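Undergrad: Structure below; questions to follow.
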Amino acid sequence: MKDTIFKCISSRMAGDERREQIIRVAMRLFGENGFRGTTTKEIANAAGVSEATVFKHFANKDELYAAILDHKSCEHGFDLPFAEIADKLADKDDFGVFYGLALYILDHHERDFDFLRLMMYSALEGHELARRFYESFSSYVYDFLGEYIRQRQTDGVFRDMEPRIVVRSLIGMVVHHSLNTLLWDKEQKLLKISNEDAAREFATILLEGVKK
């Protein structure tokens, strides 16, 4: 996995259920109220522990926030989306690559909405640790997928364009759809579509734009 500032501390302490519980509760509250809008006392109350117990595991709120990011980077791994579609990448199955990545992101956002909200809040608050996590993850995705697109351009399959524009186009469609579905249009009144169908359409739209 890409080397980052996050060292998988939480994975070495997986047996400490109370610590993991505090992390999960803190992630939910940070996602609901933001980093600045959440106190350690509120986290302790929601986790059913004393505030002293929170400080026993984490020296301060910043350390707890860092533990959440570490936990997420270790839980999923930056390379997991691409590991899921390794066979498509190896076979140069362009539709399979874009469809598989789009579906992975949509399903992941649906399963882990608390973390998506947390990252949105942290962006608005300008939290340094979250910014560094995002930049590390984004750099990995743009570099990895961008290299695949560049190779397909060399193969004469894709039109000559900046690979990162193609990456941003795919991610932009998928993330915008997630935000609409999970935040603003929860009942899908504007657009009712399954993740599978949405991923299929996004992949088709993208390929129609990049193929020669």
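Undergrad: Any idea how far apart Arg150 and Ser138 come out in nm if each label point goes 7 Å out from Cα toward Cβ?
TA: Each label point is offset 7 Å from its Cα along the Cβ direction, giving 1.9 nm.
Undergrad: For every helix of n ≥ 4 consecutive DSSP H residues, a contribution of -39,500 (n - 2.57) applies; sum these over the chain, divide by its total residues, and give [θ] at 222 nm rounded to the nearest 500 deg cm²/dmol.
TA: Mean residue ellipticity, 222 nm, calculated: -23000 deg cm²/dmol.
Undergrad: What relative contact order, as a whole-number percentage, does the chain give when Cα pairs under 8 Å and 6 or more residues apart are counted?
TA: Normalised by residue count, the contact order of the chain is 25 percent.
Undergrad: Quick check for me: using +1 on Lys/Arg Cβ and -1 on Asp/Glu Cβ, what's the dipole size of the chain about its Cα centre, in debye to the nearest 20?
TA: My answer is approximately 360 debye.
Undergrad: At 10 °C and 1.306 mPa s, grab the translational diffusion coefficient of the chain from Stokes-Einstein with a Kirkwood Rh over Cα pairs, rounded to a whole number in µm² per second.
TA: Approximately 85 µm²/s, per Stokes-Einstein.
Undergrad: How much length, in nm to one decimal, is gained on full extension between Lys92 and Glu125, taken as 0.36 nm per residue of separation minus their Cα-Cα distance?
TA: Length gained, Lys92 through Glu125: 7.9 nm.
All of the numbers you see were taken from the coordinates with simple rules; none came from a lab. These numbers come from a predicted model, not from an experiment. Every residue, glycine among them, receives a Cβ derived from its backbone with ideal geometry; neighbour counts consider all protein chains shown.
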